[in-house]
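The block underneath contains the structure these notes are about, expressed in C-alpha cells.
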Amino acid sequence: MMRALICGLTAALVLAQTAMAQDRRVAVTFDDLPFQADEATLCDPVRLMAVTQDFVAMLKPLETQATAFVNAGRMCAAERDVVLPQVLNVWLDAGLDLGNHTFSHINIHRTSADAYLADVDAGAPPVRAALEARGMRLRWFRHPYLFTGETKDKHDAIAAGLAQRGYLIAPVTVDNNDWMFADVYRKAEQIGDAALMQRIGAAYVAHMTTVLDFFEPYSAEITGGREPAQVLLLHANSLNQAWYPQIHALYLARGYRFVPLEEALADPIYSHPDAFVAANGVSWLHRWTQTDGRPIRWEPKPPAWIVAANAAPASDLAAIAAGQTAP
C-alpha cells in the first residue's frame, strides 16, 4: 500500500511539474449557434433567448474569451431575421467573438465544393452584420464536422474559396466528443432523470481529463517537447450550460491560461503544413502528425455506455446506463 501511495504521489508530482514547465494556453470555441436544441426551442423566440442568456451568463464571469460559430439555418425561417441578430448580440455584449459555421451545417462529403461555398456565403450575412455594427469584422470560419474535403480536388477548391473570401480557418486541436455526451444528456432531460444527468455530466468531465492526458504529450511530439497553444472544440448546448464551469476549472487546475482564438493561432504550430485529405474530421494534431510521416495515434473514445446511449432512443437510456443491453 505504501509503495502504491508513493507511486501515486510521484505521478502527481511529475504531472504538476510538467504543467508548471509549460506555458499552457487554450482558446475555447463553441459551435452550432444559436443553440443545439430541439426544433420547438429554436422556433420559440422566448425560449431561445432564455437559453442563450443563461449560457452566456454562465460563461461571462469565467472570462473564457471564447469564439462561437454560427449556423444561421438552425433557426426557423419565420423567426430568423428578427431573433437571430438578438441572439448574436447577447454573445457580443459579453465580449465574445463570432465566426461562420455555414448556413446549414453542410456535409462536404455529400455535395460539391461550389455548393459548399454557396452555403458558406448564405451563412455569412447575419454574422457579418452583427459584427460590423460594432466595428468588428467577420474573419473566422469553422468547417462543419471538421470535414475539409475527402478528395484533394475538393479540399483544395474549398480552401481556395475560403481564402478568396478572406476567412481565417479556426482549427481544432482538442476534441472530446462533447456532442455525443450532449445528445445523451438531452435524452436524460427528456425523461426527467436528474440523477442520470448528473452521471452523464460527471462522465463528461472525467473523459475530458482522459483526453487531455492524451493530447498534451501528443501535441508536444510535433513541436519537439513544447506544448502548443490548444484550441478546444465544444458546442452551445444544455450539457455545457450545466457542466462547462467544471471543464473550465479542470483546465485552470492543469495550468492553462484562457486566450482569444487569435492569440492561440499566433503559435508557430498553426503554420505547420497540412496535407491531410480523408473522409474524416479530426484534430489538426492528427493532420500534422500524418503530414510529418508519422502514424496517427487516436485519442480515447467516450465510455462505451455513452456511445451506446447516443445510438439508442431515450426510452433505452436508463437500461444502458445501468450496464444492461437495450432490447
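Just a few scattered comments:
- Helices (runs of 4 or more DSSP H) wholly inside segment 250-327 containing at least 3 residues that are within 15 Å of Ile222 (Cβ to Cβ) and not aromatic (Phe, Trp, Tyr): 284-291
- Criterion violated by Asn310 - all others in (1) of a type in the set (S, T, N, Q); (2) over 24 Å from Ala27 (Cβ atoms); (3) surrounded by fewer than 17 Cβ atoms within 10 Å (Cβ to Cβ) satisfied: (3)
- Meeting the requirement of 2 or more residues that are buried (at least 20 other Cβ atoms within 10 Å of the Cβ), in contact with a Leu (Cβ under 8 Å, 6 or more places away or on another chain) and modelled with pLDDT of 95 or more, the helices (runs of 4 or more DSSP H) wholly within segment 10-125 are 45-59, 77-93.
- The residues in segment 129-144 that are free of Cβ contacts under 8 Å to residues at least 24 places away in the same chain and in a helix (DSSP H, G or I) can be counted, and the count is 1.
- Tally, over segment 254-282, of residues that are open to solvent by 40 Å² or more (accessible area, probe 1.4 Å) and either among the basic types (Lys, Arg) or under 30 Å from Lys187 (Cβ atoms) (or both): 3
- Whichever residue in segment 136-158 is of a type in the set (A, V, I, L, M, F, W, C) and open to solvent by less than 50 Å² (accessible area, probe 1.4 Å) and, among such residues, is farthest from Thr102 (Cα to Cα): Ala157
- Within segment 159-193, the set of residues being closer than 21 Å to Trp140 by Cβ, in a loop (DSSP other than H, G, I, E, B), touching a residue at least 60 places away in the same chain (Cβ under 8 Å) and open to solvent by 60 Å² or more (accessible area, probe 1.4 Å) is empty.
- Test for Leu285: is it touching a residue at least 60 places away in the same chain (Cβ under 8 Å), over 30 Å from Lys187 (Cβ atoms) and open to solvent by 10 Å² or more (accessible area, probe 1.4 Å): no
The values are calculated or read from the model by the stated rules, or taken from the named source; none is laboratory data. These numbers come from a predicted model, not from an experiment. Virtual Cβ from ideal backbone geometry, glycine too; neighbours counted across all protein chains shown. Remember, those area values only see protein heavy atoms, side chains included, never the ligands or the DNA or RNA. Shrake-Rupley method; radii C 1.70, N 1.55, O 1.52, S 1.80 Å.
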